[in-house]
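Chemist: I am attaching a structure below and will ask some questions about it afterwards.
The values are calculated or read from the model by the stated rules, or taken from the named source; none is laboratory data. This structure is a prediction, so every number in the text was calculated from the model and none was measured. In this analysis, Cβ positions are derived from the backbone assuming ideal geometry, glycine residues included, and neighbour counts consider all displayed protein chains.
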Amino acid sequence: MTEEIIIAGFGGQGVLSMGKILAYSGIMQDQEVSWMPSYGPEMRGGTANVTVIISDERVSSPILNEYDTAIILNQQSMDKFEGTIKPGGTLLYDPNGITRHPERKDINIYQVTAAEKAAEMGNTKIFNMVVLGAYLKIKPIVKMENVIKGLKKSLPDRYHHLIALNEEAITMGMNSVIE
Amino acid sequence: MKELRLMKGNEAIAEAAIRAGADAYFGYPITPQSEVLEYLMSEKPHERTGMVVLQAESEIAAINMVYGGAAAGRRVMTSSSSPGISLKQEGISYLAGSQLPGLILNVTRGGPGLGTIQPSQADYFQATKGGGHGDYKLLVLAPSSVQEMADFAKLGFELAFKYRNPVMILSDGMIGQMMEKVEMFPQQARLTEEEIIKKYPWVTTGKTPDRERNIITSLILDPAEQERHNFRLQKKYKDMQENEVRFETFDCDDAEYLFVAFGSTARICQKSVQLARKKGIKVGLLRPITLFPFPSKIIEKLAHQVKGILSVEMNAGQMVEDVRLAVGGDIKVDHFGRMGGIIPMPDEIVTALKNKIIGG
């Protein structure tokens with residue numbers, strides 16, 4: 001199994017940390033992983049993206065020209081990455097802020113209203129975990145127990161009391177996927 | 001149990017330096033390597049091992065602090081990115097001239113000048129051909145994974161002391177900034193002063209009545225003596241060429257074409273090999289791990305097997321010169337590269353192979 005993912009949105013949406021938790025979850029189940037962020041000028045306030053690869057084999061290139069899955073969280077990223085999904089691949093996006101919906105017919109497209117759900121839960125910071133939940137519903141590549149272990153590894157101890165809330169947000173995401 | 005962590009390349013080498021028993025790190029912040037200094041500061045290694053971590057007033061001060069620490073036989077490291085490494089060149093030449101061990105990490109970015117903060121491999125010439133003045137060589141290691149960033153910190157110190165020569169780890173913004181799974185080696189104790197004096201009789205830790213003065217200098221005014229000194233240095237570089245060549249091959253057994261690439265570009269080329277082979281192009285990859293000493297012999301050997309070689313680098317064509325020297329002119333050798341912080345994509349490398357080598 002090799003899953004090549006691009007997660008793209010605005011800086012501050014938790015794109016990089018979502019990728020980190022996913023990568024850590026892969027390590028927890030003994031898989032090979034890579035996490036390659038955009039760290040250039042765009043990190044200073046514009047768009048942010050990260051390429052995450054989870055595989056049973058040694059990861060070759062940490063940067064890619066096509067992906068199995070694109071998780072898209074703003075319009076700029078939709079414009080940039082819709083065309084880079086492999087035929088038969090997966091596109092997951094939050095329609096919030098999207099003005100032009102995806103048009104491709106040869107990929108599987110899903111929506112999750114993550115911003116709305118996070119607001120309903122009273123904490124917009126868990127937005128990215130709602131998205132992660134939706135992704136894991138569509139592609140259960142890592143087990144929930146390993147996601148929790150990954151969360152524990154990537155969050156500093158002082159935030160460990162928030163793990164239950166994060167788990168709730170992931171579950172919310174899993175139950176909110178729209179095909 | 002194995003200690004597995006998800007770390008950035010910059011963090012991994014910082015942690016590994018502590019564990020390799022480093023005595024000191026001197027540095028100055030610059031993107032994309034600032035996490036090295038940040039990680040070391042937040043880890044407080046003086047509490048863990050007694051290791052000193054200092055943000056110097058400049059890159060130049062930092063490399064000269066390395067000179068001082070190394071003269072006392074200490075395991076000392078500095079790091080920077082391209083423009084900062086240029087500033088260090090005088091100090092690096094002095095380290096080489098004075099036969100001092102020291103570990104220098106360059107997390108390269110696009111240039112020339114201040115350039116850009118994105119990855120580049122345009123410092124290959126500077127690292128391998130002597131960026132400072134005089135006839136000297138650095139032993140240059142090129143990591144292509146976060147794991148190797150960690151492992152080469154330890155290896156780098158070992159080689160630096162083995163040859164009494166500065167070692168450079170030539171990384172780039174991609175390896176520095178990406179996160180991968182790392183298995184950390186256990187903490188190694190720092191050497192005590194007694195152990196250092198016993199192991200390295202050349203160190204300047206204070207003269208004792210039972211021996212002559214130890215002198216660490218690169219200033220030898222007598223030309224005959226300076227030439228003898230240069231011969232000693234050259235002998236050392238020859239020993240490195242005989243004993244320290246390291247490389248890795250991928251899918252070379254049946255290869256009709258060959259990529260040569262180092263560091264992050266070698267990772268991208270592994271994907272290009274897979275893509276090309278799906279299209280029926282039998283291509284392999286040779287990854288030099290040491291850039292000096294350069295793996296010329298294996299390239300010469302593979303040149304008898306393949307029809308053409310593409311050197312893939314994030315620069316305008318630097319390592320390709322060493323590849324051409326190794327091949328000797330019998331087959332087609334060309335270069336493909338991106339510059340200015342642009343990372344070549346796996347598919348464009350395959351296209352370049354087709355256009356420049358197979359069809360060209």
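Chemist: If you check B:K129 against the conditions, is it away from chain A (no Cβ under 14 Å), of a type in the set (D, E, K, R) and crowded, with 22+ Cβ neighbours inside 10 Å?
Modeler: no
Chemist: Out of the helices (runs of 4 or more DSSP H) lying entirely within region A:96-169, which hold 2 or more residues that are under 20 Å from A:M28 (Cα atoms)?
Modeler: Qualifying helices (runs of 4 or more DSSP H): A:127-138, A:144-154.
Chemist: Still on this structure: Hey, can you tell me all the residues within region B:201-220 that are in contact (Cβ under 8 Å) with a residue 40 or more places away in the chain and farther than 12 Å from B:A72 by Cα?
Modeler: B:T217, B:S218
Chemist: In region A:21-40, how many are touching a residue at least 12 places away in the same chain (Cβ under 8 Å) and more than 7 Å from every other protein chain (Cβ to nearest Cβ)?
Modeler: Number of matching residues: 8.
Chemist: List the pairs whose first member sits in region B:135-159 and is farther than 16 Å from B:E15 by Cα, whose second member is assigned to a helix (DSSP H, G or I) and among the charged types (D, E, K, R), and whose Cβ atoms are under 7 Å apart, counting only residues at least 6 apart or on separate chains?
Modeler: B:S144/B:R267
Chemist: When you look at B:S218, is it at pLDDT 95 or above, closer than 19 Å to B:G102 by Cα, surrounded by 13 or more Cβ atoms within 10 Å (Cβ to Cβ) and within 14 Å of chain A (Cβ to nearest Cβ), yes or no?
Modeler: Here the answer is no, as B:S218 does not meet what is asked.
Chemist: Moving on to the next point. Checking B:K278 against (1) over 22 Å from B:A16 (Cα atoms); (2) surrounded by 14 or more Cβ atoms within 10 Å (Cβ to Cβ); (3) within 14 Å of chain A (Cβ to nearest Cβ): exactly one of these is not met. Which one?
Modeler: (2)
Chemist: Looking only at region A:1-28, count every residue that is in contact with a strand residue (DSSP E or B) (Cβ under 9 Å, 6 or more places away or on another chain), in a loop (DSSP other than H, G, I, E, B) and within 18 Å of B:L6 (Cα to Cα) and tell me the total.
Modeler: Residues that pass the stated criteria total 0.
Chemist: Here's a follow-up. Determine which single condition B:A224 fails, assuming it passes every other condition in (1) touching a strand residue (DSSP E or B) at 6+ places or on another chain (Cβ under 9 Å); (2) more than 21 Å from B:L100 (Cβ to Cβ); (3) among the aliphatic types (A, V, I, L, M).
Modeler: Condition (1) is where B:A224 drops out.
Chemist: Here's a check for you: in region B:165-200, which residue that is crowded, with 17+ Cβ neighbours inside 10 Å and part of a loop (DSSP other than H, G, I, E, B) is nearest to the other protein chains (Cβ to nearest Cβ)?
Modeler: The residue in question is B:M178.
Chemist: Is at least one residue of region B:4-25 part of a loop (DSSP other than H, G, I, E, B), within 14 Å of chain A (Cβ to nearest Cβ) and of a type in the set (A, V, I, L, M)?
Modeler: The answer is no, given that none of the residues of region B:4-25 is part of a loop (DSSP other than H, G, I, E, B), within 14 Å of chain A (Cβ to nearest Cβ) and of a type in the set (A, V, I, L, M).
Chemist: Now, a different point. Could you tell me which numbered condition B:F259 fails, if it satisfies all but one of (1) of a type outside the set (D, E, K, R); (2) under 30 Å from B:V273 (Cα atoms); (3) at pLDDT below 95?
Modeler: Here B:F259 clears every test but (3).
Chemist: Which residues, counting only those in region A:43-77, are farther than 18 Å from A:M18 by Cα and hydrophobic (A, V, I, L, M, F, W, C)?
Modeler: Hits for region A:43-77 are A:V59, A:L64.
Chemist: Condition first: surrounded by fewer than 20 Cβ atoms within 10 Å (Cβ to Cβ), at pLDDT below 95 and over 14 Å from the mean Cα position of the chain (by Cα). Can you find one or more residues in region A:84-96 that meet it?
Modeler: The answer is yes, given that some residue of region A:84-96 is surrounded by fewer than 20 Cβ atoms within 10 Å (Cβ to Cβ), at pLDDT below 95 and over 14 Å from the mean Cα position of the chain (by Cα).
Chemist: Determine whether B:D251 is within 14 Å of chain A (Cβ to nearest Cβ), surrounded by fewer than 20 Cβ atoms within 10 Å (Cβ to Cβ) and either more than 30 Å from A:N65 (Cα to Cα) or not aliphatic (A, V, I, L, M) (or both).
Modeler: Answer is yes for this residue.
Chemist: Moving to a separate point now. If I ask for residues that are in a loop (DSSP other than H, G, I, E, B), touching a residue at least 12 places away in the same chain (Cβ under 8 Å) and either surrounded by fewer than 21 Cβ atoms within 10 Å (Cβ to Cβ) or small (G, A, S) (or both), which ones from region B:328-360 would you list?
Modeler: Hits for region B:328-360 are B:G328, B:D330, B:I331, B:M339, B:G340, B:G341, B:I342, B:I343, B:M345, B:G360.
Chemist: Continuing with this model, one more query. Could you check B:V312 against (1) in contact with a helix residue (DSSP H, G or I) (Cβ under 6 Å, 6 or more places away or on another chain); (2) crowded, with 22+ Cβ neighbours inside 10 Å; (3) away from chain A (no Cβ under 14 Å) and say which number it fails?
Modeler: Just one mismatch for B:V312, condition (3).
Chemist: Looking at B:G284 and the list (1) away from chain A (no Cβ under 14 Å); (2) outside any helix (DSSP H, G or I); (3) surrounded by 22 or more Cβ atoms within 10 Å (Cβ to Cβ), which single condition is not satisfied?
Modeler: All conditions pass for B:G284, except number (1).
For (1) touching a residue at least 24 places away in the same chain (Cβ under 8 Å); (2) touching a helix residue (DSSP H, G or I) at 6+ places or on another chain (Cβ under 7 Å); (3) buried (at least 20 other Cβ atoms within 10 Å of the Cβ), each residue gets a yes or a no:
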residue: A:H101; (1), (2), (3): no, no, no
residue: A:Q111; (1), (2), (3): yes, no, no
residue: A:E116; (1), (2), (3): no, no, no
residue: A:N128; (1), (2), (3): yes, yes, yes
residue: A:Y135; (1), (2), (3): yes, no, yes
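Chemist: Which residue is farthest from the other protein chains (Cβ to nearest Cβ), if the candidates are limited to region B:255-275 and must be part of a loop (DSSP other than H, G, I, E, B) and over 23 Å from the mean Cα position of the chain (by Cα)?
Modeler: Taking the candidates together, the pick is B:E256.
Chemist: Something else now. Find all pairs meeting these conditions: Cβ atoms under 9 angstrom apart; at least six residues apart or on different chains; first residue within region B:12-27 and at pLDDT 95 or above; second residue part of a strand (DSSP E or B) and of a type in the set (F, W, Y).
Modeler: Close Cβ pairs (under 9 Å, with a partner that is part of a strand (DSSP E or B) and of a type in the set (F, W, Y)) amount to B:A14/B:Y25; B:A17/B:Y25; B:I18/B:Y25.
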